[in-house]
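Following: one structure in C-alpha cells, then a few remarks.
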Amino acid sequence: MNAWGELVERCATHRREKIGPLSDEAYAELLLAVRHDPASFIDDPSEQAFLGLAQALDAYHESLDDEDLLDDEAYQAARTRRLSALAEHCAEVSTTDEKCLDARLVRILASDLDPDPLLEELIGLEQAVAKDLPIDAAPSSDLWPDVFCRPRLRLRAAVARTCLDGARFRMAASAAASVIDASPSDPVGARHTYALALARLEDEPGFDALDARFSRQGSPWLHLARTILLYKLNRMSAARRALRGFDELNVGGAYALLRPAYVEIYLPDRPKVSPGGLEEGTFAVREAEPIIADIPDFIGWCQDHDWFVRSAERFAEENDLDW
C-alpha cells in the first residue's frame, strides 16, 4: 500500500471537486502541488485520518530496522510492542474518521490473531461497510483507479488470504475471484491467492483459465501452485517440469522453498518487491504453507531431485545465506 501516494490522490480529488472542472493539464499541476506538500491541502477529517495512517505505517516500518540483530526472545518482545503501537495509532486515526477503512483493517491485522478469529473480525468489518462500499456488484470497468474504492479491495484480498491460511480453500478462491472481477488489473495480487487455492482444490480447468486470463504472465505463486497442482494430480513428469520452472524462472526459488523464511504480517497488503526475486518467492512459499503442510510428502519429493537441491545450495553460497 502506497499510503502517501493515495493521500495525494485523495486530497487532489477532493480539491478538484471544490474547485470545479479542471483540464488534464491543470489537474496534473494540482497533483504536483499536493505531492510537494500534502499536509497543506488537508481540509477534511477523512484526509486527516489518512495522513495519520500514513504516518503510523511509516513509524511501524522504521521500527523494523532496529531489530535485525536481536535474538529470538528479544525480537518477539519488540514485535509485540511495535504491533501494539501500530494498533493504537490506528485506533487514534479512527477517532478522527471512524470510516477510515484502511485504519480499521490495519488495526485488525496488527492484532496478530490466528486465522479463525482473524477471519471473523475481517468478515465483520466487511459486513459493516458492505452497504457503503460494495464490490460484489461492481461494473465491468476496473474499480482500482478510484482511490476511494481501494480500501475495499484490500479488505477483500485480506479475507481471501486469511481463508487460505485457515484452510478454507473454497472460500479463499471465491473471495479472491471477487477481487479480480471488481478489479481485473488486480494490483493487490488476489490472483496469487486464487492460484494457490485452485491448486489445493485440484481445479486444473480453473487454474488454466486464471493463467490465461492474465496472459500467462508467470509469478512465483503461479509456478509453485502449478507444481503443487500437478503433484496432487499425480502427473509427476509434468510436476517435475513445473518444479524446474519454479526454480529457473524465479531467482532463488529452490532456496525459498527448501529454506522457508519468516515473513512479517502484510499491513495491509503484500509489500511491493522486485518481480521474480527471492522476496517474491519467499512470499509465495509463506502463503502456500497451509497447502504444503497438508501434503506431507511434497517437500521430500522436491528434495529427491538433486538438481533442485544443488540449485538451492548454489544460491545460498553465492549470496552468503545459511544452508
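The values are calculated or read from the model by the stated rules, or taken from the named source; none is laboratory data. Computed from a predicted model, the values in this text were never measured in an experiment. Positions of Cβ are generated from backbone atoms using ideal geometry, with glycine treated the same way; all protein chains shown enter the neighbour counts. All accessible areas refer to the heavy atoms of the entire protein, side chains included, with ligands and DNA or RNA removed. Shrake-Rupley method; radii C 1.70, N 1.55, O 1.52, S 1.80 Å.
A few notes on this one:
- Counting Lys and Arg as +1 and Asp and Glu as -1 over every other residue whose Cβ lies under 11 Å from the Cβ of residue 191, the net charge comes to -1.
- Amide H contacts under 5 Å for residue 252, placed H, 5+ residues apart: none
- For the chain, adding -39500 (n - 2.57) for each run of n ≥ 4 DSSP H residues and dividing by the number of residues yields -21500 deg cm²/dmol at 222 nm.
- 5 angstrom amide H check on residue 266, placed H, neighbours 5+ away: none
- Think of a 1.4 Å ball rolled over the protein heavy atoms: the chain then has 49 Å² of accessible area per residue.
- Where [x] 23.8, 78; [y] 21.1, 66; [z] 18.1, 55 are the candidate values, the label of the one calculated here for Rg and Dmax of the Cα atoms in Å is [y].
- This model, with +1 at the C-beta of Lys and Arg and -1 at the C-beta of Asp and Glu, gives the chain a dipole about its Cα centre of some 1180 debye.
- Selection of GluC sites (Glu not before Pro), the range 98-207, meeting DSSP coil and at most 14 other Cβ within 10 Å: 98, 202
- Protein-only accessible surface order, largest first, of 315, 207 at 1.4 Å: 315, 207
- Residues of type lysines that residue 18 reaches as a straight line, Cα spacing below 29 Å, ignoring anything fewer than 8 places off in the same chain: 99, 131
- Sequence of 180, 19 when ordered by accessible area, the most exposed leading, probe 1.4 angstrom: 19, 180
- Three-way shape call for the range 113-201 based on the alpha-carbon gyration tensor, with the a/c threshold at 1.5: oblate
- Protein accessible area in the range 113-201, 1.4 Å probe - carbon and sulfur %: 51
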